[in-house]
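J.: Mind having a look at this structure? Questions to follow.
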Amino acid sequence: MNRIFHLILLLEVIAVNSTAEASSRTTPWLYDTRTMTKGEFEYEQWVTWKTDKKSDDQYDEFRFRHEFEYGVSDIFQLALYVADWRHKTTTEEEHTYFHDVALEGIYQLQAPNPDQLGLALYGEIKHGSEFLELEGKLLFEVELEKVNLLYNFTLEAEWEGQDFAEDKGKIENAFAITYQPDPSTTFGVQLLWEIEFPDWNEQGEDVVSIGPSVAWQSEDWWVSISPMFQVTNVDSEPDLQLRLLFGIDF
């Protein structure tokens, strides 16, 4: 855990006296309803660390995603994940491998402001070796003076294996509340409630995780970080997940 706190302190030192102008993701595990302006271009780097499984005391996994976003219009943006690389350690093996590429689109139905609810639609398709996933989200946002409330409803369908014979689904409910004391800093709390459906014919165990988040932004870059801690007792799922996002606007 000391590594997490040292990283947060380092990022806070870097962000001191920054001026907030860049678009940003202040909640690493959720999406808000805002979209990029037309012609805006951004690069995002994702780093996700998963560890501490009761079913495997050697489990440790790092995921790296490289994303390019583009504002097609003021209410529609596209993103290309050019690569999702993973390094996984278990009691049986340790290997680094390429997992997938993905295409994502977000369409804003209604911009958030103090007088109206923010609404947006999210769609994504991922493809890799013997892997295909379709994902849809409904994004909701309530904007208050310095506080924002977010809710994401996610439905996923996934196929794996030879001829994509193995399939499963997942429903996720994600909640967040953020507080922005000044334009360059945002604090938050996020909660994820995930339910898997193996073969779409039975319900798996509920997995609930909760954790804080902090984000900073300057003129043309931003960074956000959030650890998530499992509060249920599902042995096959990691008890700790940490996500760091870094973005540069062009």
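The values are calculated or read from the model by the stated rules, or taken from the named source; none is laboratory data. Predicted model, so just to flag it, every value in this text is computed and none were measured. Heads up, the Cβs are rebuilt from the backbone with ideal geometry, glycines too, and the neighbour counts pull from every protein chain shown.
J.: Out of (1) out of contact with any Leu (no Cβ under 8 Å at 6 or more places or on another chain); (2) closer than 28 Å to Asp100 by Cβ; (3) of a type in the set (Lys, Arg), what's the single condition that is false for Lys137?
T.: The one condition Lys137 does not meet is (1).
J.: Turning to a different aspect of this structure: Go over the candidates Trp200, Trp222 one by one and state the one that is of a type in the set (Phe, Trp, Tyr), part of a loop (DSSP other than H, G, I, E, B) and either more than 24 Å from Arg25 (Cβ to Cβ) or touching a Leu at 6+ places or on another chain (Cβ under 9 Å) (or both).
T.: Residue meeting the stated conditions: Trp200.
J.: Among the listed residues Gly211, Gly136, Gly188, identify the single one that is farther than 26 Å from Phe68 by Cβ and either at pLDDT 95 or above or not hydroxyl-bearing (Ser, Thr, Tyr) (or both).
T.: Answer to the check: Gly211.
J.: Return yes when Glu133 is within 15 Å of the chain's Cα centre (by Cα) and either closer than 28 Å to Gln203 by Cα or not in a strand (DSSP E or B) (or both) and no when it is not.
T.: It is false that Glu133 is within 15 Å of the chain's Cα centre (by Cα) and either closer than 28 Å to Gln203 by Cα or not in a strand (DSSP E or B) (or both).
J.: I'm checking my understanding of the structure. Among residues of segment 36-50 that are modelled with pLDDT of 95 or more and polar (S, T, N, Q), which one is surrounded by the fewest Cβ atoms within 10 Å (Cβ to Cβ)?
T.: Ranking the qualifying residues of segment 36-50, first place goes to Gln45.
J.: I've got another one for you. Output the residue which, of all residues in segment 201-250 that are touching a residue at least 40 places away in the same chain (Cβ under 8 Å), among the hydrophobic types (A, V, I, L, M, F, W, C) and exposed (fewer than 15 other Cβ atoms within 10 Å of the Cβ), is nearest to Lys170 (Cα to Cα).
T.: Ile248
J.: Regarding segment 91-101, can at least one residue be identified that is free of Cβ contacts under 8 Å to residues at least 24 places away in the same chain, crowded, with 16+ Cβ neighbours inside 10 Å and closer than 22 Å to Gln45 by Cα?
T.: No, segment 91-101 contains no residue that is free of Cβ contacts under 8 Å to residues at least 24 places away in the same chain, crowded, with 16+ Cβ neighbours inside 10 Å and closer than 22 Å to Gln45 by Cα.
J.: Could you check segment 114-143 and list, in sequence order, the residues that are among the charged types (D, E, K, R), farther than 18 Å from Ala83 by Cβ and surrounded by 15 or more Cβ atoms within 10 Å (Cβ to Cβ)?
T.: If the condition is that a residue be among the charged types (D, E, K, R), farther than 18 Å from Ala83 by Cβ and surrounded by 15 or more Cβ atoms within 10 Å (Cβ to Cβ), then Lys137, Glu141, Glu143 are the ones that fit.
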